[in-house]
Amino acid sequence: MKKVQLKVIEEIVDFTSEDLNESTKELANFDFTSDNRIEDEIEDFFTKIFLKKGDWASFDIHLNENIIYIEITLIFTNPELLTEDFAVQKTVLNECSKYVEENSKSIIENQKFTSTDLDGYLISINQPGISTLNYINLKQAFDKENINYKIESKFTNQTEVGAGGGESDIILFIANTVASGVSWDVVKSIITTNIDYFSHKGFLSNVIEKRKFKKVRKIVADKARVDEENLILHEFVNEVENVKMVFKSPNGYIYICCDSEKDIRKYKLSNKKTIFQLFRSETTEKN
(Lines give C-alpha, C1' and ligand atoms only; values in the text may rest on other atoms or scores of the structure.)
Protein backbone atom coordinates (compact mmCIF):
# COMPACT_ATOMS: atom_id res chain seq x y z
CA MET A 1 0.00 0.00 0.00
CA LYS A 2 1.10 3.55 -0.70
CA LYS A 3 -0.02 6.93 0.53
CA VAL A 4 -0.91 9.18 -2.40
CA GLN A 5 -1.21 12.94 -2.61
CA LEU A 6 -2.72 14.37 -5.81
CA LYS A 7 -2.62 18.12 -6.29
CA VAL A 8 -4.02 20.22 -9.12
CA ILE A 9 -2.37 23.60 -9.66
CA GLU A 10 -3.47 26.54 -11.79
CA GLU A 11 -0.62 28.50 -13.36
CA ILE A 12 -1.22 31.68 -15.35
CA VAL A 13 1.57 32.98 -17.58
CA ASP A 14 0.88 36.51 -18.78
CA PHE A 15 2.50 36.81 -22.21
CA THR A 16 1.24 40.37 -22.51
CA SER A 17 3.48 41.50 -19.65
CA GLU A 18 7.08 42.52 -20.21
CA ASP A 19 8.46 40.07 -17.63
CA LEU A 20 6.08 37.19 -18.43
CA ASN A 21 4.49 37.40 -15.01
CA GLU A 22 3.41 34.09 -13.48
CA SER A 23 0.89 33.33 -10.76
CA THR A 24 -0.13 30.01 -9.26
CA LYS A 25 -2.81 28.71 -6.94
CA GLU A 26 -3.91 25.30 -5.71
CA LEU A 27 -7.23 24.11 -7.16
CA ALA A 28 -7.53 20.78 -5.35
CA ASN A 29 -5.69 18.42 -3.02
CA PHE A 30 -6.63 14.75 -2.71
CA ASP A 31 -5.04 12.51 -0.06
CA PHE A 32 -5.76 8.80 -0.23
CA THR A 33 -4.22 5.34 0.07
CA SER A 34 -3.84 2.94 -2.83
CA ASP A 35 -2.17 -0.31 -3.73
CA ASN A 36 1.10 -0.54 -5.62
CA ARG A 37 -0.62 -1.05 -8.96
CA ILE A 38 -1.37 2.66 -9.10
CA GLU A 39 2.16 3.24 -10.43
CA ASP A 40 1.31 1.28 -13.57
CA GLU A 41 -1.87 3.26 -14.16
CA ILE A 42 -0.56 6.81 -13.79
CA GLU A 43 0.46 7.05 -17.47
CA ASP A 44 -3.11 6.28 -18.60
CA PHE A 45 -4.43 8.85 -16.15
CA PHE A 46 -2.09 11.49 -17.54
CA THR A 47 -3.21 10.69 -21.08
CA LYS A 48 -6.82 11.31 -20.05
CA ILE A 49 -5.88 14.67 -18.52
CA PHE A 50 -3.94 15.70 -21.62
CA LEU A 51 -6.97 14.88 -23.75
CA LYS A 52 -9.12 17.10 -21.53
CA LYS A 53 -6.65 19.99 -21.30
CA GLY A 54 -4.70 19.77 -24.55
CA ASP A 55 -1.33 21.52 -24.58
CA TRP A 56 -0.06 23.69 -21.73
CA ALA A 57 -0.04 21.18 -18.94
CA SER A 58 2.65 19.64 -16.76
CA PHE A 59 2.78 16.50 -14.62
CA ASP A 60 5.21 15.74 -11.79
CA ILE A 61 5.49 12.39 -10.02
CA HIS A 62 7.66 11.75 -6.96
CA LEU A 63 7.61 8.30 -5.45
CA ASN A 64 9.41 5.97 -3.11
CA GLU A 65 8.41 2.71 -1.48
CA ASN A 66 5.83 4.39 0.78
CA ILE A 67 4.34 7.44 -0.90
CA ILE A 68 3.50 9.02 -4.26
CA TYR A 69 3.16 12.74 -4.90
CA ILE A 70 1.30 13.59 -8.11
CA GLU A 71 1.12 17.21 -9.18
CA ILE A 72 -0.85 18.36 -12.21
CA THR A 73 -0.27 21.92 -13.36
CA LEU A 74 -2.82 23.43 -15.75
CA ILE A 75 -1.15 26.30 -17.58
CA PHE A 76 -3.14 29.18 -19.04
CA THR A 77 -1.82 32.05 -21.14
CA ASN A 78 -4.65 34.55 -20.67
CA PRO A 79 -4.14 36.96 -17.75
CA GLU A 80 -7.90 36.70 -17.13
CA LEU A 81 -9.31 33.18 -17.45
CA LEU A 82 -12.03 32.69 -20.04
CA THR A 83 -15.26 30.74 -19.65
CA GLU A 84 -13.76 27.81 -21.55
CA ASP A 85 -10.73 27.83 -19.22
CA PHE A 86 -12.96 27.38 -16.17
CA ALA A 87 -14.80 24.62 -18.04
CA VAL A 88 -11.48 22.82 -18.63
CA GLN A 89 -10.59 23.13 -14.94
CA LYS A 90 -13.95 21.66 -13.93
CA THR A 91 -13.55 18.76 -16.37
CA VAL A 92 -10.03 17.99 -15.12
CA LEU A 93 -11.10 18.14 -11.46
CA ASN A 94 -13.97 15.75 -12.20
CA GLU A 95 -11.51 13.37 -13.86
CA CYS A 96 -9.25 13.58 -10.80
CA SER A 97 -12.12 12.88 -8.42
CA LYS A 98 -13.05 9.84 -10.50
CA TYR A 99 -9.44 8.65 -10.48
CA VAL A 100 -9.19 8.98 -6.69
CA GLU A 101 -12.48 7.17 -6.16
CA GLU A 102 -11.41 4.28 -8.42
CA ASN A 103 -7.99 3.89 -6.81
CA SER A 104 -8.64 4.53 -3.12
CA LYS A 105 -8.08 1.52 -0.89
CA SER A 106 -8.71 1.07 2.81
CA ILE A 107 -5.64 1.15 5.04
CA ILE A 108 -4.87 -2.23 6.53
CA GLU A 109 -5.07 -2.00 10.32
CA ASN A 110 -1.64 -1.73 11.98
CA GLN A 111 0.02 -1.46 8.57
CA LYS A 112 3.59 -0.23 8.83
CA PHE A 113 5.30 1.71 6.11
CA THR A 114 8.62 0.22 5.07
CA SER A 115 12.10 1.67 5.17
CA THR A 116 15.48 0.37 4.06
CA ASP A 117 17.72 0.22 7.13
CA LEU A 118 20.78 -1.25 5.44
CA ASP A 119 23.94 0.83 5.36
CA GLY A 120 25.19 1.74 1.94
CA TYR A 121 25.35 4.53 -0.61
CA LEU A 122 22.87 6.64 -2.54
CA ILE A 123 23.63 7.71 -6.12
CA SER A 124 21.75 10.61 -7.71
CA ILE A 125 21.07 10.31 -11.45
CA ASN A 126 19.46 13.14 -13.37
CA GLN A 127 18.58 13.22 -17.07
CA PRO A 128 16.92 16.44 -18.29
CA GLY A 129 14.92 16.39 -21.49
CA ILE A 130 13.75 12.78 -21.03
CA SER A 131 10.53 12.13 -19.12
CA THR A 132 11.13 8.40 -18.72
CA LEU A 133 14.56 6.91 -18.18
CA ASN A 134 15.18 3.54 -19.80
CA TYR A 135 16.14 1.40 -16.82
CA ILE A 136 16.40 -1.83 -18.80
CA ASN A 137 19.99 -1.39 -19.96
CA LEU A 138 21.00 -0.14 -16.52
CA LYS A 139 19.40 -3.15 -14.84
CA GLN A 140 20.99 -5.58 -17.29
CA ALA A 141 24.43 -4.08 -16.69
CA PHE A 142 24.08 -4.27 -12.90
CA ASP A 143 22.79 -7.84 -13.14
CA LYS A 144 25.75 -8.83 -15.30
CA GLU A 145 28.14 -7.61 -12.58
CA ASN A 146 25.98 -9.20 -9.85
CA ILE A 147 25.32 -5.80 -8.29
CA ASN A 148 22.10 -5.70 -6.30
CA TYR A 149 20.58 -2.25 -6.22
CA LYS A 150 17.29 -0.64 -5.32
CA ILE A 151 15.54 2.51 -6.53
CA GLU A 152 15.30 4.65 -3.39
CA SER A 153 13.17 7.31 -5.03
CA LYS A 154 12.12 8.40 -8.49
CA PHE A 155 10.91 11.59 -10.15
CA THR A 156 9.45 12.10 -13.61
CA ASN A 157 8.10 15.19 -15.32
CA GLN A 158 6.10 15.50 -18.50
CA THR A 159 5.42 18.93 -19.95
CA GLU A 160 3.35 19.87 -22.98
CA VAL A 161 3.64 23.54 -23.94
CA GLY A 162 3.36 23.28 -27.70
CA ALA A 163 6.34 20.90 -27.77
CA GLY A 164 6.81 17.98 -25.42
CA GLY A 165 9.59 17.78 -22.87
CA GLY A 166 10.41 16.44 -19.47
CA GLU A 167 12.94 15.25 -16.95
CA SER A 168 13.70 12.05 -15.08
CA ASP A 169 15.65 11.59 -11.84
CA ILE A 170 16.34 8.51 -9.78
CA ILE A 171 18.16 7.89 -6.52
CA LEU A 172 19.81 4.46 -6.47
CA PHE A 173 20.74 2.59 -3.29
CA ILE A 174 23.70 0.19 -3.24
CA ALA A 175 24.28 -1.70 0.02
CA ASN A 176 27.66 -1.76 1.78
CA THR A 177 27.87 -5.51 1.25
CA VAL A 178 27.81 -4.89 -2.48
CA ALA A 179 29.89 -1.73 -2.56
CA SER A 180 32.69 -3.32 -0.54
CA GLY A 181 33.17 -6.01 -3.18
CA VAL A 182 32.78 -3.88 -6.28
CA SER A 183 35.04 -1.13 -7.53
CA TRP A 184 33.38 2.26 -7.78
CA ASP A 185 34.94 2.45 -11.23
CA VAL A 186 32.69 -0.44 -12.27
CA VAL A 187 29.59 1.27 -10.87
CA LYS A 188 30.55 4.58 -12.47
CA SER A 189 31.21 2.88 -15.80
CA ILE A 190 27.80 1.20 -15.78
CA ILE A 191 25.98 4.48 -15.08
CA THR A 192 27.94 6.71 -17.42
CA THR A 193 27.67 4.15 -20.22
CA ASN A 194 23.91 3.89 -19.94
CA ILE A 195 23.00 7.43 -18.86
CA ASP A 196 24.42 9.89 -21.41
CA TYR A 197 24.07 13.08 -19.37
CA PHE A 198 25.66 11.54 -16.30
CA SER A 199 29.01 11.15 -18.05
CA HIS A 200 29.37 14.94 -17.98
CA LYS A 201 28.95 15.23 -14.22
CA GLY A 202 31.26 14.56 -11.33
CA PHE A 203 30.56 11.08 -10.03
CA LEU A 204 31.63 11.43 -6.41
CA SER A 205 29.49 14.55 -5.91
CA ASN A 206 26.49 12.38 -6.79
CA VAL A 207 27.24 9.75 -4.13
CA ILE A 208 26.40 9.96 -0.43
CA GLU A 209 26.37 7.53 2.46
CA LYS A 210 22.86 6.41 3.41
CA ARG A 211 23.47 7.15 7.11
CA LYS A 212 24.52 10.71 6.26
CA PHE A 213 21.36 11.17 4.19
CA LYS A 214 19.19 9.86 7.04
CA LYS A 215 20.71 12.37 9.46
CA VAL A 216 19.97 15.25 7.08
CA ARG A 217 16.44 13.92 6.43
CA LYS A 218 15.75 13.91 10.18
CA ILE A 219 16.92 17.51 10.41
CA VAL A 220 14.57 18.47 7.57
CA ALA A 221 11.65 16.52 9.06
CA ASP A 222 12.08 18.21 12.46
CA LYS A 223 12.36 21.66 10.94
CA ALA A 224 9.46 21.18 8.51
CA ARG A 225 7.39 19.39 11.16
CA VAL A 226 6.56 16.44 8.92
CA ASP A 227 7.15 12.70 9.28
CA GLU A 228 10.38 11.46 7.75
CA GLU A 229 8.45 8.92 5.68
CA ASN A 230 6.67 11.82 3.95
CA LEU A 231 9.93 13.29 2.61
CA ILE A 232 11.13 12.11 -0.79
CA LEU A 233 14.70 12.90 -1.77
CA HIS A 234 14.65 14.48 -5.23
CA GLU A 235 18.27 15.37 -5.90
CA PHE A 236 21.50 16.12 -4.06
CA VAL A 237 25.08 17.24 -4.49
CA ASN A 238 27.68 16.04 -2.00
CA GLU A 239 30.51 18.57 -1.95
CA VAL A 240 33.70 18.51 0.12
CA GLU A 241 32.43 20.94 2.74
CA ASN A 242 28.66 20.85 2.21
CA VAL A 243 25.83 18.55 1.22
CA LYS A 244 22.94 20.16 -0.65
CA MET A 245 19.62 18.38 -1.03
CA VAL A 246 16.15 18.95 -2.43
CA PHE A 247 13.19 17.12 -0.88
CA LYS A 248 9.57 16.88 -1.93
CA SER A 249 7.28 17.26 1.07
CA PRO A 250 3.49 17.38 1.50
CA ASN A 251 3.73 21.17 1.68
CA GLY A 252 6.06 21.90 -1.21
CA TYR A 253 9.77 21.63 -1.97
CA ILE A 254 12.60 21.98 0.54
CA TYR A 255 16.20 22.99 -0.08
CA ILE A 256 18.78 22.38 2.63
CA CYS A 257 22.52 22.97 2.78
CA CYS A 258 24.44 21.41 5.68
CA ASP A 259 28.12 21.38 6.50
CA SER A 260 30.15 18.28 7.39
CA GLU A 261 28.96 18.57 11.01
CA LYS A 262 25.29 18.60 9.87
CA ASP A 263 24.90 22.23 10.90
CA ILE A 264 22.34 24.00 8.70
CA ARG A 265 23.79 26.70 6.48
CA LYS A 266 20.62 27.33 4.49
CA TYR A 267 17.06 26.03 4.61
CA LYS A 268 14.08 27.05 2.49
CA LEU A 269 10.57 25.74 1.90
CA SER A 270 8.86 27.05 -1.23
CA ASN A 271 7.46 26.09 -4.61
CA LYS A 272 9.26 23.96 -7.19
CA LYS A 273 10.52 26.82 -9.37
CA THR A 274 11.96 28.83 -6.46
CA ILE A 275 13.68 25.84 -4.86
CA PHE A 276 15.30 24.58 -8.02
CA GLN A 277 16.51 28.02 -9.01
CA LEU A 278 18.17 28.19 -5.59
CA PHE A 279 19.58 24.66 -5.86
CA ARG A 280 21.03 25.24 -9.35
CA SER A 281 22.53 28.58 -8.38
CA GLU A 282 24.29 27.10 -5.34
CA THR A 283 25.63 23.90 -6.88
CA THR A 284 28.60 23.59 -9.17
CA GLU A 285 29.09 20.68 -11.52
CA LYS A 286 32.23 18.70 -10.79
CA ASN A 287 34.17 17.25 -13.68
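Restricting attention to segment 212-243, report how many residues are charged (D, E, K, R) and closer than 21 Å to LYS188 by Cα. Walk me through how you get there before you give the answer.
Of segment 212-243, the ones charged (D, E, K, R) are 212, 214-215, 217-218, 222-223, 225, 227-229, 235, 239, 241.
Still in the running and closer than 21 Å to LYS188 by Cα: 212, 235, 239.
Residues flagged as charged (D, E, K, R) and closer than 21 Å to LYS188 by Cα within segment 212-243 amount to 3.
Condition check ((1) modelled with pLDDT of 95 or more; (2) of a type in the set (Asp, Glu)) across all residues:
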residue: THR47; (1), (2): no, no
residue: ALA57; (1), (2): no, no
residue: GLU71; (1), (2): yes, yes
residue: LEU74; (1), (2): yes, no
residue: THR77; (1), (2): no, no
residue: LEU81; (1), (2): no, no
residue: GLU109; (1), (2): no, yes
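For segment 87-105, which positions are of a type outside the set (Ser, Thr, Tyr), touching a residue at least 40 places away in the same chain (Cβ under 8 Å) and assigned to a helix (DSSP H, G or I)?
Residues satisfying the conditions are GLN89, VAL92, LEU93, GLU95, CYS96, VAL100, ASN103.
Modelled with pLDDT under 90 and closer than 27 Å to TYR69 by Cα: which single residue out of LYS90, LYS154, LYS139, LYS201 fits that description?
It is LYS139.
Please go through segment 222-238 and pick out each residue that is out of contact with any strand residue (DSSP E or B) (no Cβ under 9 Å at 6 or more places or on another chain) and on the phi < 0 side of the Ramachandran plot.
Within segment 222-238, ASP222, ASP227, GLU228 qualify.
Regarding ILE49, is this residue aliphatic (A, V, I, L, M), within 19 Å of the chain's Cα centre (by Cα) and buried (at least 18 other Cβ atoms within 10 Å of the Cβ)?
Answer is no for this residue.
Just to be sure I understand the filter: pairs with C-beta atoms under 7 Å, separated by 6 or more residues or on different chains, first member in segment 270-287 and closer than 18 Å to ILE125 by Cα and modelled with pLDDT of 90 or more, second member among the basic types (Lys, Arg) and not in a helix (DSSP H, G or I). Which pairs pass?
Qualifying pairs under 7 Å: PHE279/LYS244.
Filter segment 180-198 down to residues that are in contact with a strand residue (DSSP E or B) (Cβ under 9 Å, 6 or more places away or on another chain) and closer than 23 Å to LEU63 by Cβ and give me whichever is modelled with the highest pLDDT.
Ranking the candidates gives ILE191 first.
For segment 29-63, what are the residues that are farther than 19 Å from LYS248 by Cβ and among the small types (Gly, Ala, Ser)?
Passing the criteria: GLY54, ALA57.
Filtering segment 257-287 down to residues that are part of a strand (DSSP E or B) and in contact with a Lys or Arg (Cβ under 7 Å, 6 or more places away or on another chain), which residue is nearest to TYR69 (Cα to Cα)?
TYR267
So if I check each of LEU27, LEU74, which one is closer than 27 Å to ASN230 by Cα, surrounded by fewer than 18 Cβ atoms within 10 Å (Cβ to Cβ) and touching a helix residue (DSSP H, G or I) at 6+ places or on another chain (Cβ under 9 Å)?
Working: LEU74 fails: surrounded by fewer than 18 Cβ atoms within 10 Å (Cβ to Cβ).
Testing whether each residue is closer than 27 Å to ASN230 by Cα, surrounded by fewer than 18 Cβ atoms within 10 Å (Cβ to Cβ) and touching a helix residue (DSSP H, G or I) at 6+ places or on another chain (Cβ under 9 Å) leaves just LEU27.
Against the definition (part of a loop (DSSP other than H, G, I, E, B) and either among the polar types (S, T, N, Q) or modelled with pLDDT of 95 or more (or both)), how does ASN29 come out, yes or no?
No, not satisfied.
Among the residues that make up segment 33-42, is at least one of them in a strand (DSSP E or B) and touching an Asp or Glu at 6+ places or on another chain (Cβ under 7 Å)?
So far as segment 33-42 goes, no, none of its residues is in a strand (DSSP E or B) and touching an Asp or Glu at 6+ places or on another chain (Cβ under 7 Å).
The values are calculated or read from the model by the stated rules, or taken from the named source; none is laboratory data. Only a predicted model underlies this, so the values are computations on that prediction, with no experimental measurement involved. For neighbour counting, all protein chains shown are included, and Cβ atoms are generated from backbone atoms with ideal geometry for every residue, glycine included.
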